[in-house]
Amino acid sequence: MKVKLLSRNPDDYVRETKLDIQRVPRNYDPSLHPFEVSREYTRALNATKLERVFAKPFLASLDGHRDGVNCLAKHTTNLSTLLSGSCDGEVKVWNLTKRECVRTLQAHEGFVRGMVVRHCGTSFFTVGDDKTIKQWKIEAPAYGEEEEPLNTILGKTVFTGLDHHRKEGVFATCGQQVDVWDEQRSSPIRSFTWGVDSFSAVRFNPVETELLASCASDRSIVLYDMREPAPLKKVIMTMRSNTVCWNPMEAYYFTCSNEDYNLYTYDMRHLEKPITVHMDHVSAVLDLDYSPTGKEFVSASFDKTIRIFPKDGGHSREVYHTKRMQHVICIKWSADNKYILSGSDEMNIRLWKANAAEKLGVLAPRERQAANYSRKLKEKYQHHPQIKRIANHRHLPKIIYHQTREQRVMKEARRKKERNVRKHSRPGTVPVVSEKEKHVVTVVK
Amino acid sequence: MAKVSKKKVSKKSVRKSSTVTEKIAEVKPDVVYDDGGDDEFLSKEDGNISSEEEEEDGGGKDERKRQKLLEAISALGGKRQKKLGERSEAAVLMSEFTVNAEGEGDKIDLSDLIGSMEKTSAVPAKTKKQLKNLQHSNKTIECPLSKQESERIQRDVAFRKASTEVTRWKDIIKQNQRAEQLVFPLDKEPTGPRPMERMVTGWKAQTPLEQEIFALLSANKQPINDPILTPAEEASMRAMSLEEAKIRRAELQKARALQSYYEAKTRRERKIKSKKYHKVQNKAKRKEFLKKFEEMVKTDPAAALEELSKIELARMQERMSLKHQNSGKWAKSKVIMAKYDEGARKAMQQQLEVNKELTQKLVTALNREEEEEEEEAVDEEVLPDFVNDAEQGLHCSNPWMRGKLSEDPAEKELSENMDLITEGPGAVGNPAEEEEEEEEVVETEEETLLREFDSRRKRRQAHEAVTAPVPDQEEEEEPQVPDQEEEEEPPVPDQEEEEEPPVPDQEEEKEPQVPDQEEEEEPQGPDQEEEKEPQVPDQEEEEEPQGPDQEEEKEPQVPDQEEEEEPQGPDQEEEKEPQVPDQEEEEEPPVPDQEEEEEPQGPDQEEEELSEFTSLLRGIADSRREAEMPEAAADSCPTDPSARLEEGLLRVRTLEDMELLGQPAPATEQLPPVAPQADTARKRKRGIELKEVLTKETQVIKVPLAPTMEDTEDSEDRLDQRGLIKEAFAGDDVVSDFLKDKRKQEDAAKPQVVDLTLPGWGEWGGTNLKPSRNKRRRFRIKAAPPPPRRDQCLPSIIMSEKRNSSISLHQVNSLPFPFQNHAQFESTIRAPLGRTWNTEQTVRKISKPKVVTQLGAIIEPMSREELLKDRKQVTAGSAGRVDSWKRKR
């Protein structure tokens, strides 16, 4: 007689080690899992709410300066090192992991106007109001050694900005003119002037490393090529640009922060019209920095807020502010794309998360999957009114809130007026000028 | 300039005059400004002239006196000093040493310089020519641009250069923007052991032993630092990129695998002991060889001849040898056994067959001619005639027509010999005989059926040939047609009834008045449809043209009948061929027009055949009626067919039908032109009547098949708007429907009574026991009556109470930006993302983040190497493509 027995292969249901995930037989028959849309909607809603709950971007404040922080510099090879220069000529080197000042040096008399770390990460340059360019070692002087610069160049005029070439021993300064210096020489190898006598910022293109852009006081942005004897082109806008920053991943795009509360992203090949106008600030934008991925940038404004814009978005995705933070003068996005550093008028440097609700540190695989899934859900349901409302809600200081509203009213009024003028004038005499075209006065060849 | 030169010339002339003709006292008055100079000379050379000059030049007198005085004074000094002249004009004439060469101030011409050159023979002629040309050309160099202008140009050029340089990044930027996922940092450090140089930069060999070792290593070109590679290896690495290497390796692997497969296969085949297998194999090979040989005969006769000779040789050898004959040892034993053993006998026979085969003479194109003729003769006799018949009907373009019949090997030749067909009735007997003869070919039932059909047709045609001469005269023959049919039919019934007895029954039900003879014609239809025989329609066409006339005649009397029939039609016929009656109803009117149009063109396509078939059915029905009331009311209006069209929209076709068609039959679906307005009133009345009578009809409509839709579309072209709308809403009692609808909605909106009674609680339970009424009353929960409906007092309005404001709060009320239409947006929302609905892999794929960064890694800006990498990839990709293309070839 044959006895029938149940026999199963344990491989089908027993995991090999206890670290494995339990084998769960699944039936994906859609009829067994109804209401997918509504269930996922609920999940998305919850994810959005949780995101807002966890959105705590402020990490630390580094205090120690005795005057407003005027410039910041990222270390090129070390993530945890930050340099800051203040309005009293003091430079401080910070250790971000310990959140403490490692070294302090009196670099200049008067403001430290600009600061940049050499590409190798062993030394850095500063320019100040005392018409000097100084090169310093990153390492603190040994015991008994005096704190003095490696190299000092005396200039004829005040320098207002500084940037270093990404690969070579070449740096650029700006002041009355834009100068390109060789590190080995005490006089500039190139000097560009173009009818202006005051520049506020100069930046090397990190991709096409021979190109430069600078902001001048005649409301213009001027482009240069280090190899050419003359500047390339300039665009004059309705108001002055404070700083300019190149996209580190896309060679021909740069963004400038303008006094008219906006930021403008240009394609350097077509300066006639900015590609995007980034609006949201309610006061002059003082500084900006691209994220190292080139997907977003952060801007610091006189209105005491920091805003993060997607590179092709007209409005910010995030706004950071604290009660005590005053006018934000300088801002940097850390090289690992995780943090934002801001230096402000009230002598503090602040460390922020680039993604407010992100969990810091190493994520477990399941955590990461969950985060990915909820991100995707949020993205999928972003157009649903409730989710949109929750996701876009930000608390703003009263002043900024009211100013924003005021701006909106003004803008609306202006638009209305323009419309009325157009309506009551001969067709064609009052052309429609797009927002992008409005802010460019002319392009000078 | 010109002015200046003029002056010079004048000066020159003066000077000449003064020097060459010293004593001529002619001094022009305009030379005043030159005085000083002249004086100088004069004073140096001669004193006499001065007096003369004094006399003439009154103005310069005083000065001259003064000069003389000065000279005298200076002469007193003893030593005579050389005096520098006064400078009153540009210094061309002045020499530092007051020495003046002749022609000093002259403009030097090129000719002056070349002059000597002309004489010297050492100068090549070419240079001379060039110089001469130069001499003739008197272009001036343009004056330089202003500084601003030139700077602007410089800037423009520089900008253009820079922008083109920057534009190189366009591809990479686009690619990155489109990328589904970007992983930063972009250039990851290669994993694996890092070369020692990079790890320890400052380290040096210090001890003597170390130094010795390193010296040895470097002498032998071995890697000094740690593991890695020798220079040679590195060079080889550089020579071939990773991708190329991978591709190459994959190719090699594949080749090796294929080789091993082949080896294994041959080994296995060699081991097979089965004689039969080898026999088959050999036979196949031989066949293959023959085929090849045939080809070779065409392409390369020389080689073929060689082959032929080889074959011939082999044959000769076979014939000479005693192999495969009954003289071998084995054969002898078999012969002995053969008397008793069936198997042995067979084996012997086989062997002899093999021998026969091997010794058979090969027939090729080279030695074929004589044989061919014989073959042809044989073939012609063997082939059945009906095959030709099939081709005769101008249906050669129709693939169906060449279906099974063409499988006969000799068919091709036959189709050419059309003459045989005309022999007609005499040849009818042949096919049957032939079939019997063909023993090897296993015939399917269909084939036999087909043949039968053909033979039958043959007979019928032969019959027709007597009665009706040519099918082209159809239209003229109309009156004859019924007679024809009757004539045609007699031969058919025997076979027909055997094949398909059920169909005629249905038809009978449908139209009881139909004469018996006609039934037999109809069943043919399905068969023909399936088999796609061209011949059938030929006959039918003859009948078709009658269509319109007959219908017209019928109309006045028939309608009642029809209306009764039609509703029943589908119910009865749905079982087998639901399409037939419907089609008929629809297609009655179109058929005749069509046919009249198309017949002359020759019905080549299957669709047409099908339509012909349906029309044939129609025609048959009509002819039946005609038979009932011959020559009745011939003058009835031709627009009547449109009255039937109303129902025509209900046409339903089965899927099988469509499959057979391959495409929706276009010909049949055409409808007659719009009926005049005069008739519409009657039509409407009729339509409504119809609907009132047939409430179940709607079900039929609700089976919408694709062709039905097209049908209606086609008909739209021909129908006027009113007629169309009327048809669409035929039989709708709108008002009552609306009321019903409203009542339904009201009922649905009423709150339901909730019955929470549980049987068995508090009392006996079991089958057939109901909970007590008391209990039921207690547990039945009546909901509160809803608030009065808003459309309570509005009889002609339904207001939905379903709208829920709490839900609408969560719903998207306008189309979000990137989406073009609602369907797009909804489809994105509809697809779930979670692992509840998707497999693990899918979820992972779907929820991939756009940007991935590594924790604690510095993300460097894009470097120029990326550009190179990109370019390399492109080139590698194109090369790979070429490779694959080559491989394919």
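The values are calculated or read from the model by the stated rules, or taken from the named source; none is laboratory data. Fair warning: this is a prediction, and the values are worked out from it, not measured in the lab. Cβ placement follows ideal geometry from the backbone for every residue including glycine, while neighbour counts extend to all protein chains displayed. What goes into the accessible areas is simple: the full protein's heavy atoms, side chains included, and nothing from ligands, DNA or RNA. Shrake-Rupley method; radii C 1.70, N 1.55, O 1.52, S 1.80 Å.
Could you check region A:267-283 and list, in sequence order, the residues that are among the hydroxyl-bearing types (S, T, Y) and within 14 Å of another protein chain (Cβ to nearest Cβ)?
Step one: of region A:267-283, the residues among the hydroxyl-bearing types (S, T, Y) are A:276, A:283.
Residue satisfying the conditions is A:T276 alone.
I need the full set of residues from region A:19-28 which are facing another protein chain (nearest Cβ under 10 Å) and open to solvent by less than 90 Å² (accessible area, probe 1.4 Å), in order please.
A:Y28
Mind checking which helices (runs of 4 or more DSSP H) fall wholly inside region A:358-445 and carry at least 1 residues that are within 14 Å of chain B (Cβ to nearest Cβ)?
Correct list: A:365-380, A:385-392.
Answer yes or no: is there a residue in region B:193-205 that is modelled with pLDDT of 80 or more and either at the interface with chain A (Cβ under 10 Å from one of its Cβ atoms) or out of contact with any strand residue (DSSP E or B) (no Cβ under 7 Å at 6 or more places or on another chain) (or both).
no
Please count how many residues of region B:151-162 are facing another protein chain (nearest Cβ under 7 Å) and surrounded by fewer than 19 Cβ atoms within 10 Å (Cβ to Cβ).
Looking only at that region, the number is 4.
May I ask you to list the residues in region B:115-155 that are small (G, A, S) and in a helix (DSSP H, G or I)?
Going through region B:115-155, the residues small (G, A, S) turn out to be B:115-116, B:121-122, B:125, B:137, B:146, B:150.
Within region B:115-155, B:G115, B:S116, B:A125, B:S150 meet the criteria.
Which residues, taken from region A:131-141, are under 23 Å from A:T76 (Cβ atoms) and of a type outside the set (V, I, T)?
Within region A:131-141, A:K134, A:Q135, A:W136, A:K137, A:E139, A:A140, A:P141 meet the criteria.
Out of region A:54-97, which residues are within 14 Å of chain B (Cβ to nearest Cβ) and of a type outside the set (V, I, T)? Break it down stepwise before answering.
Our first condition is that a residue be within 14 Å of chain B (Cβ to nearest Cβ); within region A:54-97, this holds for A:74-82, A:96-97.
Selection gives A:K74, A:H75, A:N78, A:L79, A:S80, A:L82, A:L96.
Would you tally the residues in region A:284-295 being small (G, A, S) and either within 14 Å of chain B (Cβ to nearest Cβ) or in contact with a helix residue (DSSP H, G or I) (Cβ under 8 Å, 6 or more places away or on another chain) (or both)?
Final tally of qualifying residues: 2.
From the list A:D336, A:D280, A:D289, A:D345, which residue is touching a Pro at 6+ places or on another chain (Cβ under 9 Å) and among the charged types (D, E, K, R)? Break it down stepwise before answering.
Numbers: A:D280 fails: touching a Pro at 6+ places or on another chain (Cβ under 9 Å); A:D289 fails: touching a Pro at 6+ places or on another chain (Cβ under 9 Å); A:D345 fails: touching a Pro at 6+ places or on another chain (Cβ under 9 Å).
Within the list A:D336, A:D280, A:D289, A:D345, the selection yields A:D336.
What about A:N70, is it out of contact with any strand residue (DSSP E or B) (no Cβ under 6 Å at 6 or more places or on another chain), more than 30 Å from B:I829 (Cα to Cα), polar (S, T, N, Q) and open to solvent by 10 Å² or more (accessible area, probe 1.4 Å)?
Answer is no for this residue.
Within region B:829-845, is even one residue over 30 Å from A:V24 (Cα atoms), surrounded by 15 or more Cβ atoms within 10 Å (Cβ to Cβ) and not aliphatic (A, V, I, L, M)?
no
Condition first: out of contact with any Pro (no Cβ under 9 Å at 6 or more places or on another chain) and among the aromatic types (F, W, Y). Now tell me which residues in region A:233-267 satisfy that.
A:Y252, A:Y253, A:F254, A:Y261
In region A:197-229, how many residues are within 19 Å of B:D156 (Cα to Cα) and either open to solvent by 10 Å² or more (accessible area, probe 1.4 Å) or in contact with a His (Cβ under 9 Å, 6 or more places away or on another chain) (or both)?
5
With respect to B:S806, determine if the residue is hydroxyl-bearing (S, T, Y) and within 18 Å of A:T42 (Cβ to Cβ).
When the stated conditions are applied, B:S806 passes them.
Return the total of residues in region A:313-334 being open to solvent by less than 20 Å² (accessible area, probe 1.4 Å) and either basic (K, R) or part of a loop (DSSP other than H, G, I, E, B) (or both).
Number satisfying all stated conditions: 3.
If the requirement is being within 10 Å of chain B (Cβ to nearest Cβ) and at pLDDT 90 or above, which of these qualifies: A:E51, A:E36?
A:E36 is the lone residue from the list that is within 10 Å of chain B (Cβ to nearest Cβ) and at pLDDT 90 or above.
I need the full set of residues from region B:164-174 which are within 23 Å of A:A335 (Cβ to Cβ) and more than 7 Å from every other protein chain (Cβ to nearest Cβ), in order please.
Result: B:I172, single match.
Answer yes or no as to whether A:T255 is among the β-branched types (V, I, T), within 14 Å of chain B (Cβ to nearest Cβ) and under 14 Å from the mean Cα position of the chain (by Cα).
Criteria not met by A:T255.
Please state which of the following conditions A:V14 fails to meet, knowing it meets all the rest: (1) open to solvent by less than 90 Å² (accessible area, probe 1.4 Å); (2) within 13 Å of chain B (Cβ to nearest Cβ).
(2)
Which condition number does B:M862 fail, the rest of (1) hydrophobic (A, V, I, L, M, F, W, C); (2) at the interface with chain A (Cβ under 8 Å from one of its Cβ atoms); (3) under 23 Å from A:R43 (Cα atoms) being met?
(3)
Of all residues in region B:800-828, which are more than 9 Å from every other protein chain (Cβ to nearest Cβ), closer than 26 Å to B:A749 by Cα and open to solvent by 60 Å² or more (accessible area, probe 1.4 Å)?
The answer is B:S800, B:E801, B:K802, B:R803, B:N804, B:S805, B:S806, B:I807.
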